[in-house]
Amino acid sequence: MDRETFHNCCSLVEMPRQIHQQHCSSHFIQYIEREIAYSKFFKNYLIPNQPCMFSKKFTEDWNCRKKWVTADGKPNLQRLLQEFDESPVPVANCSAKEYNSNPKQIMPFKEFIQYWREYIQNGHSSPRGCLYLKDWHMQRNFPEHNTYKTPIYFSSDWLNEYWDTIEVDDYRFVYMGPKGSWTPFHADVFRSYSWSANICGRKKWLLYPPGQEEFLRDCHGNLAYDVTAPVLQDKGLYPQFEEACQPLEIIQEAGEIIFVPSGWHHQVYNLEDTISINHNWLNGCNLDIMWQFLQEELSSVQREIEEWRDTMDSWHQHCQKCR
């Protein structure tokens, strides 16, 4: 850690958090064309919890950008099939809703590739719906492939360092989806940071700063599934929708990396056949945000099952598990 970053760390301890009820102050995010000092990223983006985009220069040497992409910028399905063949992968159906997400199934990788090819040939449609390979722990399952390298700006990653130590899980994922696949409105797990790199294809992001999601809840307190749906105009169902700011709308091109800060809710669309790599991560800059979120989740569970407190010796442990 250089001296400037250390100084910024010290100032962070004294800085009051404004994580809740942030407003959209701009409809643009900063674009980082070439390498900057880590201390600058720390000061300008991590501490103030602000998003930014890195240019394709930061991924140009990755093996996956060389091997998984054809000369015309499309996913190299044949090469991918050779590498992963029968590997089981999680696949979501973007055409179906299950609670506030899409139902998932596990299928062999080659079955997904066969579906993807047929989907493209049929004009990006299928009677099976729009399937999206997502949350695949590719790096954990194939560490020898050396497909990419985490940029230094995201390398202070306490979340994945912990999981690597106990060798149980991680929060490093690969996403592969056809044009039209998408992810419903959400914030990342534990209110962690995330970074997402497009290996090929283009995405559209709709981002809301922390606090704005409270205006996007229905009359029962449930978060909107799709923030573009006409039903949000119904004041009876979404009484505070008109108070929400307009989202940051960002187009992410092939090779670019987006940094999504803690608590920024977002909805994401694949505008083309797209492959991306995503990490959820945390460090000392957003640990307080994660801790506050977990405490609020625990309190919510405790309120829900309060009536069982006196009948269970392990009530507190059950609350922890339910959270």
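The values are calculated or read from the model by the stated rules, or taken from the named source; none is laboratory data. The structure presented is a predicted model; accordingly, all values stated were derived computationally and were not measured. FYI the Cβ positions are ideal-geometry reconstructions off the backbone, even for glycines, and counts take in every protein chain you see.
Going by the structure shown, is Leu207 touching a Pro at 6+ places or on another chain (Cβ under 7 Å), among the hydrophobic types (A, V, I, L, M, F, W, C) and closer than 17 Å to Asn278 by Cα?
yes
Is there any pair linking a residue in segment 150-165 that is under 15 Å from Val260 (Cβ atoms) to one that is of a type in the set (S, T, N, Q) and surrounded by 15 or more Cβ atoms within 10 Å (Cβ to Cβ), with Cβ under 7 Å and at least six apart or on different chains, and which?
Cβ pairs passing all conditions: Asp157/Asn283; Leu159/Ser192; Leu159/Asn280.
Is one or more of the residues making up segment 228-245 of a type in the set (A, V, I, L, M), touching a residue at least 24 places away in the same chain (Cβ under 8 Å) and either under 28 Å from His124 (Cβ atoms) or in contact with a Cys (Cβ under 6 Å, 6 or more places away or on another chain) (or both)?
Within segment 228-245, none of the residues are of a type in the set (A, V, I, L, M), touching a residue at least 24 places away in the same chain (Cβ under 8 Å) and either under 28 Å from His124 (Cβ atoms) or in contact with a Cys (Cβ under 6 Å, 6 or more places away or on another chain) (or both).
Would you point out which residue out of Trp136, Trp163 is modelled with pLDDT of 95 or more, closer than 17 Å to Val174 by Cβ and assigned by TED's automatic domain parsing to the domain that holds Ile277?
Just one listed residue meets the conditions, Trp136.
Among the residues of segment 200-213, is there at least one that is more than 19 Å from Glu249 (Cβ to Cβ) and under 21 Å from the mean Cα position of the chain (by Cα)?
Yes, there is a match, as at least one residue in segment 200-213 is more than 19 Å from Glu249 (Cβ to Cβ) and under 21 Å from the mean Cα position of the chain (by Cα).
Quick grid of which residues meet (1) surrounded by 20 or more Cβ atoms within 10 Å (Cβ to Cβ); (2) farther than 30 Å from Lys66 by Cβ; (3) touching a residue at least 12 places away in the same chain (Cβ under 8 Å):
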residue: Lys179; (1), (2), (3): no, no, yes
residue: Thr183; (1), (2), (3): yes, no, yes
residue: Pro210; (1), (2), (3): yes, yes, yes
residue: Pro247; (1), (2), (3): yes, yes, yes
residue: Gly255; (1), (2), (3): yes, no, yes
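So, Tyr175, is that one touching a residue at least 60 places away in the same chain (Cβ under 8 Å), under 30 Å from Met107 (Cα atoms) and out of contact with any helix residue (DSSP H, G or I) (no Cβ under 8 Å at 6 or more places or on another chain) or not?
yes
Could you please find all residues in segment 29-53 being touching a residue at least 24 places away in the same chain (Cβ under 8 Å) and part of a loop (DSSP other than H, G, I, E, B)?
Once the filter is applied, which keeps residues that are touching a residue at least 24 places away in the same chain (Cβ under 8 Å) and part of a loop (DSSP other than H, G, I, E, B), segment 29-53 yields Ile29, Glu33, Ala37, Ile47, Asn49, Gln50, Pro51.
Being exposed (fewer than 13 other Cβ atoms within 10 Å of the Cβ), of a type in the set (S, T, N, Q) and farther than 30 Å from Phe41 by Cα is the requirement here; does Gln114 meet it?
It is false that Gln114 is exposed (fewer than 13 other Cβ atoms within 10 Å of the Cβ), of a type in the set (S, T, N, Q) and farther than 30 Å from Phe41 by Cα.
State whether one or more residues within segment 72-92 are surrounded by 13 or more Cβ atoms within 10 Å (Cβ to Cβ), closer than 27 Å to Glu249 by Cβ and among the hydroxyl-bearing types (Ser, Thr, Tyr).
no
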